[in-house]
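As structure tokens, the structure follows; a few thoughts come after it.
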Amino acid sequence: MGTKMSLMRRAMVALGVMALAAAAPAQTKRPVQGVTDKEIVIAAFGPLTGPASWMGLGTRDGFTMAIEEINKAGGIHGRQLKLVYEDDAFQVAQAQTVVRRVLSDTKPFMVYTGTGSTVFISVADTLRASRIPVYNGFSGSAAARKTPEVPNLFHGQAVSSTAFIEDLSKLLDDLKIKRVAVMHDVGEWGRSLCVPATELLKKRGMPALTVQNYKVGDTDFSGQLVALRNANAQLVVNCGHFPEASVILRQARELGVKALFVGDAAQANPSVWGRAGKATDNWIFNWFSPAFLSDETGPMVDFRAKYRARYPSAPVGRPNHADTFSYGDAYIIAKALRDAGPDLTVEGFAAAMKRIKNFQPSPINAVANFDNPSNEGFTESVWVLVRDGKTTVIGPSQIADLSRIASGL
């Protein structure tokens, strides 16, 4: 009898446990910030106003065009991408306010930064500490990087300024240059290139003949250029952005500066030779992708047509490299979101980003590889030569010709 009662009690307990389990609500998944069943929110910021607005407008518009295509194709596991873009006006204080507002109010899944080095560096550590995914789309300063980088921060198509210095050293050797002058804008981008450039020249035993600087938005460079002319350099390294580059090159030739000019990828825009004309002959700049903005054949032709259809009122100089970089960046981010699976998490996205290898986001963009301690997606660049308003990737024949010109200066 006792055994029967014991068995009955156990059976009743078991039935009670089963009843409780059936009555209990199913365990729910922990919600992920910025992610719903229908959308994934991406916050972004860059200068939409002020002298550097070409940068923020470009990163906004290129990124927007790509996510419209991605959403039209079905989005990411049934979710649409939603972009919330804020204006930092290329001002440190405003960018810090924007970032605080984005983190406290917008609460996105991730942040895309479409701003320059001066501003990005001022908020980079705040974004690192946020632990949400951050994709640096447009700051190339070496000071914006860490090795190893934190798990939530990735660096896109704005190749680190260290690549420019490595390429410059080889170019000086190839052209047999002995006399160099330097000029740069006083923002972080200009300094991040030209301060190491002046250090490179010292190490080579050929210190810069003069170092001149200017501000973003300046339009009169006559004082700096007279100093360059008097220095009698064979080559001038100019670090800055394309709106100033077109004026600098034109005024340099007007003032009799005969030196070759070398610029960086931030100056790589057809509006430079469109505005400065023949003054840009033999101008050299570096570039990061297999297609250039002014290509008359190949995938850039199709991209420009698509871009103009989407933005028929875009001003001269657009699309610029901010447009093309951010367009590719959006497809990189979409790949990682897709590869992270339908149950999206911050950790899953970061792991998917690290798995990206030998991935070309579009025909106009370079191949991305994020499987490195710096979370640096792009490291390669080439030198490009301008003549008669046309661009050519510099090869042995161009090196021989430029070397001959430099030897006569």
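By the rule of a C-alpha distance below 23 Å, with chain neighbours fewer than 8 residues away ignored, the lysines paired with Lys278 are Lys258, Lys390.
A quarter of the convex hull surface defined by the alpha-carbon atoms of the stretch 86-133 gives 2.9 nm² as the mean projection. If only the Cβ of Lys and Arg carry +1 and only the Cβ of Asp and Glu carry -1, the dipole of the chain around its Cα centre is close to 880 debye. Summary of packing: across the peptides 403-409, 353-359, 247-253, the per-residue average of other C-beta atoms within 10 Å ranks them, highest first, as 247-253, 353-359, 403-409.
Structural size metrics of the stretch 45-131, computed from C-alpha coordinates, are Rg and Dmax of 13.5, 39 Å. The Kirkwood radius of the stretch 71-215, taken over pairs of alpha-carbon atoms, gives through the Stokes-Einstein law at 20 °C and 1.002 mPa s a diffusion coefficient of 123 µm² s⁻¹. Taking only the C-alpha atoms of the stretch 275-334, the Rg (one decimal) and the largest Cα-Cα distance, Dmax (whole number), read 13.2, 42 Å. The relative contact order of the stretch 203-258, computed from alpha carbon pairs under 8 Å that lie at least 6 residues apart in sequence, is 42 percent. Taking each residue as 0.36 nm, the span from Lys390 to Arg229 lengthens on full extension beyond its C-alpha to C-alpha distance by 55.3 nm. Rounded to the nearest 10 degrees, the angle from helix 53-72 to the longest Cα principal axis of the chain is 40 degrees. Using all pairs of distinct alpha-carbon atoms, the Kirkwood hydrodynamic radius of the stretch 275-394 works out to 16.2 angstrom. Heavy atoms only, probe 1.4 Å: what % of the accessible area of the stretch 267-369 goes to carbon and sulfur, would you let me know? Within the stretch 267-369, the accessible surface is 54 percent carbon and sulfur. Only lysines eight or more places from Lys146 in sequence, or on another chain, were considered; those with a Cα closer than 27 Å are Lys107, Lys170, Lys202, Lys203, Lys335, Lys354, Lys357.
Put a dot 7 Å past the Cα of Ala351, heading toward its Cβ, do the same for Ala314, and the two dots end up 3.8 nm apart. Within the shell defined by Cβ-Cβ distances under 11 Å, the residues around Phe359 carry a net charge of +1, with Lys and Arg each +1 and Asp and Glu each -1.
Placing R0 at 51 angstrom, the Cβ-Cβ distance between Lys202 and Val84 gives a FRET efficiency of 0.65 after rounding to 0.05. Dividing the Cα radius of gyration of the chain by 2.2 N^0.38 Å, with N the residue count, gives 1.22.
Each pair of Cα atoms in the stretch 340-399 enters the Kirkwood radius, and Stokes-Einstein at 10 °C and 1.306 mPa s then converts it into a translational diffusion coefficient of 110 µm²/s. Projecting the Cα atoms of Phe138, Thr219, Pro396 onto the charge dipole of the chain (Cβ charges, centred on the Cα centre) puts Phe138 farthest toward the positive pole.
Pull out a ≥ b ≥ c, the square roots of the eigenvalues of the alpha-carbon gyration tensor of the stretch 148-189, then state rounded if a/c is under 1.5, prolate if not and a/b is larger than b/c, and oblate in the remaining case. Oblate.
Taking each residue as 0.36 nm, the span from Ser397 to Asp173 lengthens on full extension beyond its C-alpha to C-alpha distance by 79.1 nm. The distance between label points at Ala129 and Lys306 comes to 4.0 nm (points 7 Å beyond Cα on the Cα→Cβ vector). As an equivalent ellipsoid, the stretch 243-314 spans semi-axes of 27, 14, 9 angstrom, where each value is the square root of five times an eigenvalue of the C-alpha gyration tensor, largest first.
Extending 7 Å from Cα along the Cβ direction at Thr106 and again at Arg30 yields two label points whose distance is 2.4 nm. What the Cα atoms of the stretch 306-363 give is an Rg and a Dmax of 14.8, 43 Å.
The values are calculated or read from the model by the stated rules, or taken from the named source; none is laboratory data. Worth saying up front: this structure is predicted, and the values here are computed from it rather than measured. When we count neighbours, we look across all protein chains shown, and the Cβ atoms used for this are built from the backbone with ideal geometry, even at glycine. For the accessible areas, the whole protein counts, side chains as well, though only heavy atoms, and no ligand, DNA or RNA atoms are used. Shrake-Rupley method; radii C 1.70, N 1.55, O 1.52, S 1.80 Å.
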